1. If you take the residues of the range 90-108 that are open to solvent by less than 30 Å² (accessible area, probe 1.4 Å), modelled with pLDDT of 75 or more and not in a loop (DSSP other than H, G, I, E, B), which of them is farthest from residue 67 (Cα to Cα)?
2. Restricting attention to the range 71-87, does a residue exist that is assigned to a strand (DSSP E or B), more than 23 Å from residue 31 (Cβ to Cβ) and at pLDDT 75 or above?
3. Tell me, which residue of the range 54-69 that is under 13 Å from residue 98 (Cβ atoms) and more than 21 Å from the chain's Cα centre (by Cα) is modelled with the lowest pLDDT?
4. Filter the range 45-80 for residues that are free of Cβ contacts under 8 Å to residues at least 40 places away in the same chain, among the hydroxyl-bearing types (Ser, Thr, Tyr) and either farther than 18 Å from residue 106 by Cα or touching a Gly at 6+ places or on another chain (Cβ under 6 Å) (or both) and give the result.
5. Working carefully through the options 15, 40, 56, 31, find the one that is over 23 Å from residue 119 (Cα atoms), open to solvent by 40 Å² or more (accessible area, probe 1.4 Å) and among the β-branched types (Val, Ile, Thr).
6. Being within 27 Å of residue 112 (Cα to Cα) and out of contact with any His (no Cβ under 7 Å at 6 or more places or on another chain) is true for just one of 45, 82, 70, 98. Which residue is that?
7. Taking residue 49 and the conditions (1) part of a loop (DSSP other than H, G, I, E, B); (2) among the polar types (S, T, N, Q); (3) more than 19 Å from residue 103 (Cβ to Cβ); (4) open to solvent by 60 Å² or more (accessible area, probe 1.4 Å), which numbered condition does it fall short on, given that it satisfies the others?
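The values are calculated or read from the model by the stated rules, or taken from the named source; none is laboratory data. The structure displayed is predicted, hence computed values, not measured ones. Cβ placement follows ideal geometry from the backbone for every residue including glycine, while neighbour counts extend to all protein chains displayed. Ligands, DNA and RNA are excluded from the accessible area calculation, which covers all protein heavy atoms including side chains. Shrake-Rupley method; radii C 1.70, N 1.55, O 1.52, S 1.80 Å.
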Amino acid sequence: MTFKWSLSRIALSAVVLTGFVLLLGNAWKQVCWEKTKGIVLEVKESKRSNNQYYPVVKYTDQLGKEVTSELSHQSSNRFYYEQGDSIPLLYHPQHADEVVIHSVGWMLGFPLIFVLLGGIGFLIPTEAWFASR
C-alpha cells in the first residue's frame, strides 16, 4: 500500500491538527492561568442560538477584586448550572475577564476526540474504502 495525500487525508490531517492546537491551548491555560471557584449568579439564554444557555459567574481574582463574567460555555440543558452553584474556573492573570470553566473532561476530552477520530481515520485506507463502494 502506497501512501498518497488525497483530499480525505488532508482533511483528516486538519482534524488531527485542530485537536493538537486545542490541546496545547488548554494545556497552556492549565499551567499559566489562575484557578479559582466561581458562583453562578444567573443562567442566560443565548441571543444567537435558540435553546442554548450560559452561566454568568462571579469570582475573586488574585488581587482580591470581584469579577463578574458571562461564560462562553453553552449548554442546551437550561438546568446544567443553577443560580448559586459553585464551579471551578481558570482565568487569565493579566485579564481577569478572560475566564473558562476548569473541566478536565472538556479541556482534555474534547480535543482528544479530534485527535483520535482524525488519527483513526488517517490510518484507514480511505481510497480503498471509497473504491469498494
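1. 101
2. Yes, that holds for at least one residue.
3. 61
4. Once the filter is applied, which keeps residues that are free of Cβ contacts under 8 Å to residues at least 40 places away in the same chain, among the hydroxyl-bearing types (Ser, Thr, Tyr) and either farther than 18 Å from residue 106 by Cα or touching a Gly at 6+ places or on another chain (Cβ under 6 Å) (or both), the range 45-80 yields 46, 49, 60, 68, 69.
5. From the options 15, 40, 56, 31, the qualifying one is 31.
6. The unique qualifying residue is 70.
7. In the conditions (1) part of a loop (DSSP other than H, G, I, E, B); (2) among the polar types (S, T, N, Q); (3) more than 19 Å from residue 103 (Cβ to Cβ); (4) open to solvent by 60 Å² or more (accessible area, probe 1.4 Å), residue 49 misses (4) alone.
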